[in-house]
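**Student:** I have a structure here, written as structure tokens, and I will follow up with some questions on it.
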Amino acid sequence: TKQRFAGRTAIITGAGSGIGRATAIQMASEGANIALFDLVNDRTSIVERKLNSMREGCALAVDVDTSDPGRMEEAVRRTVEHFGGLDIVFANAGINGSIGPIEELSIEDWQRTLSVNLTGTFLSLKYTIPHMKKKGKGSIIITSSINGNRRFASFGFSPYSTTKAGQVAFAKMAALELAKFKVRVNVISPGAIATNIDESTEPNEELESIIIPMEFPEGQQPLADGPGKPEDVAKLVCFLASDESSHITGAQIVIDGAESLL
Ligand code: NAD
């Protein structure tokens, strides 16, 4: 394997599952040290053990809610102290949150989704940027979704779609702001990917009867028989994290097997 990340340190949020986990495995196999930011759960320790068995000491699981400013500041400080620097940030943690008609959603439903998906992304940049500025180099990748700017057909996802569109604007502002420090910021918009994301849908029995379940219609992704794989997305993230994409910043890259063209 190529070693594009030898001697580099990455923070990956939502690293315990799905896209974050696949990216952690790929990046570590190419030499990166990785801080796995996720809520406390067994899945994150399993990823940590897997990476450390590939290369002893390359992974550190950090139990942190990305929407909590105090915990995030501390988690970033701990990471930089542990690995001695920071080169890559993959702001990827996200939830579906509450799904339903706008008039049925509570203010708490709305705020929870905004707080994890938008505030969590803001904090993931806020506390890490100073370390990359200091190095005069860095790469940040944010996970949005085609649900944020194209595929609005999934009924009831208004909070989620709003956050996913917001992440695109935020990434572009950040790219402009950080260009003079040679810190690149790009945003990826995956289509349906086979992960555990549906577990992050807030259960709501009352709404279930009126919600059209989000099934994955056959042939929805012209390039694949079903949803894409987390490993497909990991390859894109690693490209954007590496020097191979040295002139790419402020870009939104769709990775959806042409799903959003249907
Ligand atoms: P996933 O549920 O498999 O993984 C997400 C991880 O984020 C989980 O381990 C979860 O514990 C963690 N997480 C959730 N809230 C957190 C918080 N507040 N603090 C720390 N960690 C938290 O889902 P995934 O599909 O891998 O999702 C990753 C990103 O991809 C999300 O931003 C999601 O919106 C986006 N996305 C997913 C799809 C898809 O179809 N799976 C499509 C487009 C975009």
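**Student:** Can you give me the angle between helix 18-29 and the longest principal axis of the chain, using Cα atoms only, in degrees from 0 to 90, rounded to the nearest 10?
**Tutor:** 20
**Student:** Take K135 and N196, extend 7 Å from each Cα along the Cα→Cβ direction, and tell me the distance between the two endpoints in nm.
**Tutor:** Placing both labels 7 Å beyond Cα along the Cβ direction yields 2.8 nm.
**Student:** I need the peptides 230-236, 159-165 ranked by packing, meaning the mean over residues of other C-beta atoms within 10 angstrom, with the highest value on top. It would help to have the intermediate numbers written out before the result.
**Tutor:** Values: 230-236: 18.9, 159-165: 22.1.
Final packing ranking: 159-165, 230-236.
**Student:** Please work out how much length the chain gains when fully extended from I102 to A179, using 0.36 nm per residue of separation minus the C-alpha to C-alpha distance, in nm with one decimal.
**Tutor:** Values: separation 77, 0.36 × 77 = 27.72 nm, distance 3.80 nm.
Taking 0.36 nm per residue and subtracting the Cα distance, the gain is 23.9 nm.
**Student:** What is the spin-label model distance, in nm, from D68 to S260 if the labels are put 7 Å beyond Cα along the C-beta direction?
**Tutor:** 3.3
**Student:** Continuing with the same structure: Counting only C-alpha contacts under 8 Å and six or more residues apart, can you give the relative contact order of the chain as a whole percent? Present the calculation step by step, with values, prior to reporting the outcome.
**Tutor:** Working: 513 pairs, mean separation 53.1, N = 262.
This gives 20 percent for the chain.
**Student:** Let me ask another. So what is log10(I(q)/I(0)) for the range 9-261 at q = 0.07, 0.15, 0.17 1/Å, when the Debye sum runs over its Cα atoms only?
**Tutor:** Treating every Cα as an identical point scatterer, log10 I(q)/I(0) equals -0.22, -1.05, -1.33.
**Student:** Counting Lys +1, Arg +1, Asp -1, Glu -1, what net charge surrounds H131 among other residues with beta carbon under 10 Å of its beta carbon?
**Tutor:** Details: positive: R77, K133, K134, K135; negative: D87.
Here the charged neighbours net out to +3.
**Student:** Report the extension gain between F155 and A169 in nm, rounded to one decimal, defined as 0.36 nm multiplied by the number of residues separating them, less their alpha carbon distance. Mind showing how you got there, number by number?
**Tutor:** Numbers: separation 14, 0.36 × 14 = 5.04 nm, distance 2.29 nm.
Full extension of this stretch gives 2.8 nm more.
**Student:** Dipole size in debye (nearest 20) for the range 9-261 around its Cα centre, Lys and Arg Cβ +1, Asp and Glu Cβ -1? If you can, show how the numbers build up before the last one.
**Tutor:** Working: 23 positive and 32 negative charges, 325 e Å.
That gives the range 9-261 a dipole magnitude of about 1560 debye.
**Student:** Which net charge results when you count Lys and Arg as +1 and Asp and Glu as -1 among the other residues whose beta-carbon is under 15 Å from that of C58? All intermediate terms of the calculation are to be shown ahead of the outcome.
**Tutor:** Details: positive: R4, R8, R21, R49, K50, R55; negative: E30, E48, E56, D87.
Net of charged neighbours comes to +2.
**Student:** I want the local charge near K229. Using Cβ-Cβ distances under 13 Å, sum +1 for each Lys or Arg and -1 for each Asp or Glu among the other residues. Don't jump to the answer; show the numbers that get you there.
**Tutor:** On the way: positive: R21, K235; negative: D225, E231, D232, D256.
Summing Lys and Arg as +1 and Asp and Glu as -1 gives -2.
**Student:** Same structure again: With respect to the cross-link table entries K2/K133; K134/K229; K135/K229; K180/K229; K172/K229, which display a Cα-Cα separation exceeding 31 Å?
**Tutor:** On the way: K2/K133 26 Å; K134/K229 35 Å; K135/K229 33 Å; K180/K229 35 Å; K172/K229 26 Å.
As for pairs spanning more than 31 Å Cα to Cα, those are K134/K229; K135/K229; K180/K229.
**Student:** Taking only DSSP H segments of four or more residues, each worth -39500 (n - 2.57), what value at 222 nm results for the chain once the sum is divided by all its residues, to the nearest 500 deg cm²/dmol?
**Tutor:** Result for the chain: -11500 deg cm²/dmol, rounded to the nearest 500.
**Student:** Compute the angle between helix 69-83 and the longest alpha-carbon principal axis of the chain, please, reported from 0 to 90 degrees and rounded to the nearest 10.
**Tutor:** 40
**Student:** May I ask for the distance between the Cα centers of the range 2-70 and the range 113-145, given as a whole number of Å?
**Tutor:** 16
**Student:** Classify the range 95-159 from the C-alpha gyration tensor, please: rounded if a/c falls under 1.5, else prolate or oblate depending on whether a/b exceeds b/c. Display every interim value, and only then the final one.
**Tutor:** Numbers: a/c = 5.42, a/b = 2.12, b/c = 2.56.
Oblate.
No lab work stands behind these numbers, since they all come straight from the coordinates. Note that the structure is predicted; figures quoted are calculated from it, not measured. Neighbour counts are summed over all protein chains in view; Cβ atoms, including those assigned to glycine, are modelled from backbone coordinates with ideal geometry.
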